[in-house]
């Protein structure tokens, strides 16, 4: 039974990774100080978090079907959408900033308002988990927040914790953001 679960999870991960719709970025040295000037529209990378493809991939990762499609919003360089599930709601948002340093400062400011944030290694340049399981990730000129506070403590099949759901969604998005 455990082997079947592991095989199923690996298959789902392969589908998610393949679903990003583009080949992996070529390896190369990271630029020292990437710069981005936010515009009147969200970047392609930010837009990915609410796209139909992301909705499908996230549903596979969480083993939950959406109750209805998501509707994105864009205001003050914040792209966001609510993922409505029959059991509750998850909200994804991406704040676009002028560059990596500005995004790092924004990330640090968000973290400073959280009681006992838990560092989460391996996602973006830095990431932390909030007490309710929500996840915040800094990557390049963007800060991603996966708010799982509107979901029950355990859900899906097999049952996931909110923090595990946020980690899976964060890993899915980071896999698609490679090269952005």
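Results, tabulated for the structure shown:
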read-out	value
Unmet criterion (only one of (1) surrounded by fewer than 18 Cβ atoms within 10 Å (Cβ to Cβ); (2) at pLDDT below 95) for residue 154	(2)
From the options 158, 121, residue that is free of Cβ contacts under 8 Å to residues at least 24 places away in the same chain and not in a strand (DSSP E or B)	121
Tally, over the stretch 73-96, of residues that are out of contact with any strand residue (DSSP E or B) (no Cβ under 7 Å at 6 or more places or on another chain), touching a residue at least 60 places away in the same chain (Cβ under 8 Å) and in a loop (DSSP other than H, G, I, E, B)	0
Criterion violated by residue 128 - all others in (1) touching a strand residue (DSSP E or B) at 6+ places or on another chain (Cβ under 7 Å); (2) over 22 Å from residue 59 (Cα atoms); (3) in a helix (DSSP H, G or I) satisfied	(3)
Set 170, 153: member being more than 14 Å from the chain's Cα centre (by Cα) and free of Cβ contacts under 8 Å to residues at least 60 places away in the same chain	153
Residue that is farthest from residue 120 (Cα to Cα), among those in the stretch 157-167 that are surrounded by 15 or more Cβ atoms within 10 Å (Cβ to Cβ) and touching a helix residue (DSSP H, G or I) at 6+ places or on another chain (Cβ under 8 Å)	160
Checklist (1) part of a strand (DSSP E or B); (2) modelled with pLDDT under 95 applied to residue 116, failing item	(1)
Which numbered condition residue 70 fails, given (1) under 18 Å from residue 135 (Cα atoms); (2) in contact (Cβ under 8 Å) with a residue 12 or more places away in the chain	(1)
Residue identified as assigned to a loop (DSSP other than H, G, I, E, B), over 14 Å from the mean Cα position of the chain (by Cα), loosely packed, with under 14 Cβ neighbours inside 10 Å and at pLDDT 90 or above among 33, 67, 25	67
The stretch 145-156: number of residues that are out of contact with any helix residue (DSSP H, G or I) (no Cβ under 6 Å at 6 or more places or on another chain) and over 12 Å from residue 62 (Cα atoms)	6
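The values are calculated or read from the model by the stated rules, or taken from the named source; none is laboratory data. Only a predicted model underlies this, so the values are computations on that prediction, with no experimental measurement involved. Here the Cβ is made from the backbone with ideal geometry for all residues, glycine too, and neighbour counts use every protein chain on show.
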